[in-house]
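Asks: Handing you a structure now.
Just so you know, all these numbers are worked out from the coordinates, no wet-lab data involved. If you're wondering where the values come from, they're calculated on a predicted model, not measured in any experiment. Don't worry about glycine lacking a Cβ; one is built from the backbone with ideal geometry, like all the others, and counts go over all protein chains shown.
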Amino acid sequence: MRIIAVANQKGGCGKTTIVINLAACLAREGQRTLVVDLDPQGHCALGLAVPEEQIEVSIAEVLQTQGSDQPVDLSRATWQISSNYDLVPAKTNLAQLEQKLAGVPNREGRLALALEMVRDKYDFVLIDSPPTIGLLTQSALHAADEVIVPVDTGYFSLHGLSKQLDTIRELRASHSRSIRVRILANLYDVRTKLGREILAELRKRHGDAMFSSFVNFNTKLKESTSLGQPITEYDPASSGCRDFVRFARELIAIGGEAPPAFEPRPPARAAAAPAPAIADDSLIRRANALADDASRLLASTQTLLGPGRPAPAPSPTPTPEETERRIEMIYGARAVTDGVVFVLNALQANSVRLAGDFNGWNPDRAPMMHLRDGIYHLKLPLGPGRYRYRYVVDGRWITDPANLAVETNPYGDLNSVIEVR
Ligand SMILES: Nc1ncnc2c1ncn2[C@@H]1O[C@H](COP(=O)(O)OP(=O)(O)OP(=O)(O)O)[C@@H](O)[C@H]1O
Ligand SMILES: [Mg+2]
């Protein structure tokens, strides 16, 4: 069982959004997942349509009674959200816990104790924490083996981040336990210069501790939470859902192994900074040119009738949203008359290869070609059949983030699947 706290002192950086939707995607990938809300704001229950007035036993009662003669079992506070997806909600009474447990020894160890009881029941426990450092966040960090620090790619994100990382380091030192800390960029907007600069800066300073996945700004994520649904139910075709599917798969794939030492790198000299993926002023123009190029590439392969998506048609004056949609539609694997075209977005990759049952899982036999701006493509002459494949990006094997069709392989990893009729 992997216990992961999602924490950042900064409010509104997406902790709850990440917990709710990551859990939904982990559950969808067959991982038995428990969300524990440690925030008295109770946003997890709100975001998953669990009515507060019907919550009789919440995390507060569990923590309050741990270590007593009659501890309240975590299962009494557990709500089933969907298959593989459970929630232990919080209510406003959780805010009084710190006061109630004042002076009690090892009070921050109570959550860890309660979770011990369900160790065999879940593959993942995700803990949502409040935007303050106090007993609740300390309990989350005490119980966790891993921490996800969501960072919004806005102006003050780097400042808040250093503070949060310092706090986690201090906690780790005081408990002499090792906690794996990784950063997830959230609320990313490729169309703003600031967003791109912040992401580049984050990668420069904390590259080793960052997830490769990031979560784009997507209004569907906001809407889904306000309607009490995870994104997997509200809009499975949205880019928000795709981001979380990709993130869940990355999290599963990396397992619980420790990342490299977590020390900030010295800031690189300005001259050595990599150029942003898309030039500043002409962003939309270049993004459209990119979509046009990819449209031509796909049109030249004559898309088959059938389940494949239609090639995105160039439009004279597309809005930024249309541009974004067109670019997203390009990615994935699609059947064409004389084979299958694979297209992957791998910004900043040096080498991208394709391996599958069609080439004996030997990536050296299928290097992918770079189209432009991090788009890689390859057409293989595959006839009708069902094919399993993975990409190998700079030596790392990944499933296709744009293809929701997957199956588990004998090693417990996921292969992407494409059917050609
Ligand atoms: N990737 C995203 N795209 C669009 N909206 C987002 C995204 N991530 C978060 N939001 C929105 O930003 C707001 C803050 O997100 P959220 O509540 O998850 O933050 P938080 O860190 O849990 O906040 P708090 O510290 O108050 O608990 C919410 O309205 C949420 O819907
Ligand atoms: Mg929250």
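Asks: D73: net charge of surrounding residues, Cβ under 12 Å, Lys/Arg +1, Asp/Glu -1, itself excluded?
Replies: Spelling it out: positives minus negatives among the neighbours equals 0.
Asks: Once the other residues with Cβ under 13 Å from the Cβ of V340 are scored (Lys, Arg +1; Asp, Glu -1), what is the net sum?
Replies: +1
Asks: Find the relative contact order for region 176-216 and round it to a whole percent, using C-alpha pairs within less than 8 Å whose residues are 6+ positions apart.
Replies: 57 percent
Asks: Counting alpha carbon pairs within less than 8 Å and at least 6 residues apart, what relative contact order, in whole percent, applies to region 335-421?
Replies: Normalised by residue count, the contact order of region 335-421 is 29 percent.
Asks: Nearest 0.05, what FRET efficiency do S178 and A253 give at R0 = 22 Å with Cβ-Cβ as r?
Replies: After rounding to 0.05, the efficiency reads 0.60.
Asks: Evaluate the relative contact order of region 8-75 (contact order divided by residue number), counting alpha-carbon pairs under 8 angstrom at least 6 apart; express in whole percent.
Replies: 19 percent
Asks: All other residues with a Cβ under 9 Å from the Cβ of C44 taken together, and with Lys, Arg as +1 and Asp, Glu as -1, what is their net charge?
Replies: Net of charged neighbours comes to -3.
Asks: Using each residue's phi in region 30-36, evaluate 6.51 cos²θ - 1.76 cosθ + 1.60 at θ = phi - 60° and report the 3J(HN,Hα) Karplus result to the nearest Hz, with x for Gly and Pro.
Replies: Karplus-based 3J(HN,Hα) across region 30-36 equals x, 8, 6, 10, 10, 9, 10 Hz.
Asks: Where in region 71-99 is the amide nitrogen less than 20 Å from a point lying 7 Å along the Cα-to-Cβ axis of D120?
Replies: 73-78, 84-86
Asks: Within 10 Å, count the other beta carbons around each residue, average over each peptide in 369-376, 24-31, and list them highest first.
Replies: 24-31, 369-376
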